[in-house]
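Nothing in this text is a laboratory measurement; each read-out follows from the coordinates by a stated rule. Not measured: the values here are computed from a predicted model. Quick reminder, even Gly has a Cβ in these numbers, built from the backbone with ideal geometry, and neighbours come from all protein chains shown.
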Amino acid sequence: MAIVDISVVPIGTKSTSISEYVRKSIKLIKKSGLKYQVGPMGTTIEGDLSDIFELILQIHKAQVKMGAKRILTTIKIDDRRDKKQTMEDKVRAATSKV
């Protein structure tokens, strides 16, 4: 199972606000059935890596359809193979001894 953090930013829109694009992306993520967590600068998704890549492609296509002329995407992937680790496990491990 992979944990993927994505930030998708449409460029060349009619406004400096991109909340409409973010809402559409979140709807697609929710519809996917994958576990996710929205943050202030991106969204973390947990699941099969190929399913997540397919979802990212759907998000790109949706943003183009909404009028984005260019899309800047940042993707960070944690594909740990030695044990199953959830998003919550990673946060707990990092903050438990603070």
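Just a few scattered comments:
- Scanning region 75-98 for residues that are surrounded by 11 or more Cβ atoms within 10 Å (Cβ to Cβ) and of a type in the set (Asp, Glu), we see that the one that is nearest to SER50 (Cα to Cα) is ASP78.
- Enumerated strands (runs of 3 or more DSSP E) restricted to region 2-76, each holding at least 2 residues that are without any contact (Cβ under 8 Å) to a residue 24 or more places away in the chain and not polar (S, T, N, Q): 35-38
- Criterion violated by GLN63 - all others in (1) buried (at least 17 other Cβ atoms within 10 Å of the Cβ); (2) touching a Gly at 6+ places or on another chain (Cβ under 9 Å) satisfied: (2)
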